[in-house]
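Structure first, commentary second.
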Amino acid sequence: MDLSSSEGSRVPQETDELLVMQAKGAPEGDLRAFEKLVRRYQGKVVANCRYITRDPNIAEDLAQEVMVKAFFGLRAFEGRSSFGYWLKRIKAHHCVNHLKKSVGRSFVSTEEQDGDKSEQLKIQVTAERFADAIHDRSMIGAVLDSMSSSLRIPLLLCDMDGLSYEEVAHSLGIGLSATKMRIKRARDEFREKYKKAEVTGLRDRKSTRLNSSH
């Protein structure tokens, strides 16, 4: 947290709106304002790219590409939404397009495609992994990793990125009713798995404490 030279007084934080305005008006080659926006959002974008793709090796690269897209699209940004929300939409579309290309077709285009493919994409989360996921963030990541892409991605786009049902449907190329159904199923599945993870983690931690006391 930045502090001014006057003891106890805080330096006012530059708002996103101010930084966007400065970045738009900056002379060519002056990236200082935009770099401040990058530092402010880079960590969140990387984390969310990792959640969506389940590939930590590509998350950094995808986040960098998202920021490059934001930089070149900034002059067209009219401020009708917040910069953070606008950036989330860029990131969501970029990650979904990456997944579609990596699969070779739209892996979320029809309900019929959910079955076998989602089973192949599932990662079985073991009790040992849940036991290690002590903090909520680790637990949430473990639960999300255990979900199929057809449910995990709509859930993240809606509940983490704040996209509307219509925007999620457009991003994934599926119908509105299918989108709503998947998000509901995803929320139910997440809650159920998270509760099981909490129980498993608590039981394993108790067992560890008992064993260490002997």
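In a shell of Cβ-Cβ distance under 14 Å around Arg32, excluding Arg32 itself, what net charge do Lys and Arg (+1) and Asp and Glu (-1) give?
Working: positive: Lys24, Lys36, Arg39, Arg40; negative: Glu14, Glu28, Asp30, Glu35.
Neighbour charge sum, excluding Arg32 itself: 0.
Using 0.36 nm per residue of separation minus the Cα-Cα distance, give me the extension gain between Lys36 and Phe77 in nm, one decimal. The partial results should precede the final answer.
Numbers: separation 41, 0.36 × 41 = 14.76 nm, distance 1.71 nm.
Difference between extended and current length: 13.0 nm.
Report Met21's accessible area, 1.4 Å probe, all protein chains in place, as a number in Å² to the nearest 10.
130
Using a 1.4 angstrom probe on the protein heavy atoms only, line up Asp145, Asp159, Asp30 by accessible area, largest first.
Asp159, Asp30, Asp145
Can you give me the solvent accessible area of Tyr41 with a 1.4 Å probe, rounded to the nearest 10 Å²?
The accessible area of Tyr41 comes to roughly 40 Å².
Students often get this wrong, so check it: of Lys101/Lys196; Lys100/Lys193; Lys44/Lys196; Lys101/Lys193; Lys101/Lys184, which have C-alpha atoms separated by over 32 Å? Walk me through the intermediate numbers first.
Values: Lys101/Lys196 34 Å; Lys100/Lys193 26 Å; Lys44/Lys196 27 Å; Lys101/Lys193 29 Å; Lys101/Lys184 26 Å.
From the list (Lys101/Lys196; Lys100/Lys193; Lys44/Lys196; Lys101/Lys193; Lys101/Lys184), the Cα-Cα distance tops 32 Å for Lys101/Lys196.
Starting from the Cα of Gln13, step 7 Å along the direction of its Cβ; do the same at Leu176; then give the gap between the two resulting points in nm.
3.6
Ignoring everything but the protein chains, give the 1.4 Å probe accessible area of Lys69 in square angstrom, nearest 10.
For Lys69, solvent-accessible area is about 100 Å².
Sort His94, His170 by heavy-atom solvent-accessible area, probe 1.4 angstrom, most to least.
Largest accessible area first, the list is His170, His94.
Glu166 versus Lys195, label points 7 Å from Cα toward the beta carbon: distance in nm?
Result: 3.5 nm between the two label points.
At what distance in nm do the modelled label points of Asp61 and Gln22 sit from each other, each positioned 7 Å from its Cα along Cα→Cβ?
3.3
The values are calculated or read from the model by the stated rules, or taken from the named source; none is laboratory data. A quick note: this is a predicted structure, and the numbers were derived from the prediction, not measured. Ideal geometry is used to build each Cβ from the backbone, glycine not excepted, and the neighbour counts take in all protein chains shown. The accessibility values were calculated without ligands, DNA or RNA, using every heavy atom of the protein model including side chains. Shrake-Rupley method; radii C 1.70, N 1.55, O 1.52, S 1.80 Å.
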